[in-house]
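The values are calculated or read from the model by the stated rules, or taken from the named source; none is laboratory data. Just so you know, these numbers come straight off a predicted model, no measurement behind them. Cβ coordinates were reconstructed from backbone atoms using ideal geometry, including for glycine residues, and neighbour counts include every protein chain displayed.
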Amino acid sequence: MKSVAVVGASGAVGDVMIRLLEERKFPAGTIKFLASERSAGKRVIFNGDSYPVEILCPEAFEGVDIVLSSTPASISREFSPIAAKAGAVVVDNSSAWRMDPEVPLVVPEVNPGDILKHKGIIANPNCSTIQMVVALKPLHDAFKIKRVIVSTYQSVSGAGQKGMSELWAQTHARVNGLDVPEPSKFPHPISFNCVPQIDDFLPSGYTKEEMKMVLETRKIMGDDSIDVCPTCVRVPVLYSHSESILIETELPITPESAREVWEGKPGLTVVDDPSAKQYPLPDSSKDRDDVFVGRIRQDLGRPNALLFWCVSDNLRKGAALNAVQIAEELVKLTAVSA
Ligand SMILES: NC(=O)c1ccc[n+]([C@@H]2O[C@H](COP(=O)([O-])OP(=O)(O)OC[C@H]3O[C@@H](n4cnc5c(N)ncnc54)[C@H](OP(=O)(O)O)[C@@H]3O)[C@@H](O)[C@H]2O)c1
């Protein structure tokens, strides 16, 4: 049994993390829940017991084996090294460590072997990247992907509790004919709108979110030759990110050969029967573990290009579930090496 700390327990990802640790019967001998002083006094119910939310501080990591961390990157930059130094392995959801060459960036369906390379911190990728690479990896192994053109339709829960509150408040104001509150989490009102900006713009004209998809995809897939051309868009959906993806491959690819390759792959489900209006939807993927793909079709002009639609619960596979799966692998590896 392991001693576990959930850091950022009061957040959108932390909340799902707690439910997953319960659901998946994670072997936690002891567990503690940490957040900022804003959450002091709150309680967490875990496996029927009530725990206080404790304030994050360096001493909190004493005797902890596994830290599941979901805080802003600045907090992770400060506290994850302290936890690692105290002997814990940190699985971190923020962007703080993802591109650090010393830190493995892991999606268990894609590069589980990289877990072994950790030096105390393992990074969980960005939510849009995770669902995309789960779908891409089997196709890359079979047809060698040269280029990916992806447009995302990202839910507001990707911006945490405050993102969801902002959509609710603006929607409530609009339908009741009230003044729409000024946006604070998003650059424009998000209710009844789509915003083609997630995070800040870089001099290249791409946003930081878009560059995460480029760089993290290459690191996880272990192939710097893959070109990724992303456009990331925030949409007024509460849960689950959707992606329209076009891939160009070295070998010819067809919808049939892609379906064959995807068949039975862990963490991936094909939902693709357009005549029966069956394709992945954010609403039907919420609270589900898998990455769902559908609308699979050939590029009209080229035999080496395929289009598909990819949907997954960003709080689950895009964040908390991926982190818990990494922690489960760690527990197995520790049991083997013990
Ligand atoms: N949401 C997603 O779909 C998603 C997907 C992948 C990765 N991530 C990443 O996961 C992290 C958490 O995201 P989220 O969506 O859960 O955000 P969130 O809802 O805003 O939650 C943030 C959590 O961090 C805690 N926190 C903030 N400042 C802190 C401080 N000074 N000391 C201790 N704890 C502090 C908050 O505690 P208080 O409540 O006490 O302030 C809260 O528990 C972010 O780095 C995000 O980029 C999110």
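Would it be correct to say that V90 is more than 10 Å from the ligand (Cβ to nearest atom) and assigned to a loop (DSSP other than H, G, I, E, B)?
So V90 does not fit the description; no.
How many residues does segment 93-122 contain that are within 14 Å of the ligand (Cβ to nearest atom) and under 14 Å from K317 (Cα atoms)?
Qualifying residue count for the region: 3.
Mind checking whether some residue in segment 96-108 is part of a helix (DSSP H, G or I), modelled with pLDDT of 95 or more and under 19 Å from the mean Cα position of the chain (by Cα)?
no
Looking at V324, is it in a helix (DSSP H, G or I), closer than 30 Å to R24 by Cα, at pLDDT below 95 and hydrophobic (A, V, I, L, M, F, W, C)?
So V324 fails the test.
Find the residue count for segment 151-168, including only residues that are crowded, with 18+ Cβ neighbours inside 10 Å and more than 8 Å from the ligand (Cβ to nearest atom).
Of the residues in segment 151-168, 7 are crowded, with 18+ Cβ neighbours inside 10 Å and more than 8 Å from the ligand (Cβ to nearest atom).
Anything in segment 169-194 that is within 16 Å of the ligand (Cβ to nearest atom) and among the aliphatic types (A, V, I, L, M)? List them, or say none.
A169, I190
Test S50 against the criterion of being within 13 Å of the ligand (Cβ to nearest atom) and at pLDDT 95 or above, and give yes or no.
Answer is no for this residue.
Need pairs with beta-carbon distance below 7 Å; first residue in a strand (DSSP E or B) and within segment 272-297, second of a type in the set (S, T, N, Q); sequence gap 6+ or separate chains.
V291/Q131; V291/S312; F292/T269; F292/S285; F292/S312
Restricting the search to segment 103-113, which residues are touching a residue at least 60 places away in the same chain (Cβ under 8 Å) and either in the same structural domain as H241 (by TED's automatic domain parsing) or in contact with a strand residue (DSSP E or B) (Cβ under 9 Å, 6 or more places away or on another chain) (or both)?
Across segment 103-113, the qualifying residues are L105, V106, E109, N111.
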